[in-house]
Amino acid sequence: MAPALFSISYPVYIELQYKVMDLTEAGMKRDIGVSMRLREDDLEVIDRGAALNGLSRTEFMRRAALQEAQLAVLNESLIRMSPDGFDHFVEAIEGAPAPMPDKARERIARSFANGPKDASR
């Protein structure tokens, strides 16, 4: 078995839940301003993305920043597992991959047999 690259704590707890709440849901007022300096070309892309999503620039940027922050927090979350759970995890990532289902193998074979699709048609 491979040596552990991180510590193991007892017992196993893997529960990661994040609820995205609108500020008005939480009973909070939108009274904290944030100031940013952006290049004009960056702002054009942000405005286009906001328009495509039917959002204001402020709401689009708030959602994007919140999503990135949640991802950063999630990436730093500690996952605790038992020694048995860790052994199963290591076996799963070091073991041979499961055989490909027949249906998937057929679809891949068909896609290669037909050749690449020409985008100009």
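The values are calculated or read from the model by the stated rules, or taken from the named source; none is laboratory data. No experiment lies behind these values; they were computed from the predicted model shown. Here the Cβ is made from the backbone with ideal geometry for all residues, glycine too, and neighbour counts use every protein chain on show.
Observations on the structure shown:
- Among (1) over 30 Å from Gly95 (Cβ atoms); (2) modelled with pLDDT under 95 - the single one Leu52 does not satisfy: (2)
- Being at pLDDT 90 or above, part of a loop (DSSP other than H, G, I, E, B) and surrounded by fewer than 11 Cβ atoms within 10 Å (Cβ to Cβ) is not true of Gly27.
So that you can scan it fast, the table gives a plain yes or no per residue for (1) among the hydrophobic types (A, V, I, L, M, F, W, C); (2) touching a Lys or Arg at 6+ places or on another chain (Cβ under 8 Å); (3) assigned to a helix (DSSP H, G or I):
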residue	(1), (2), (3)
Val45	yes, no, yes
Glu59	no, no, yes
Arg63	no, no, yes
Ser77	no, no, no
Asp84	no, no, yes
Asp87	no, no, yes
Ala104	yes, no, yes
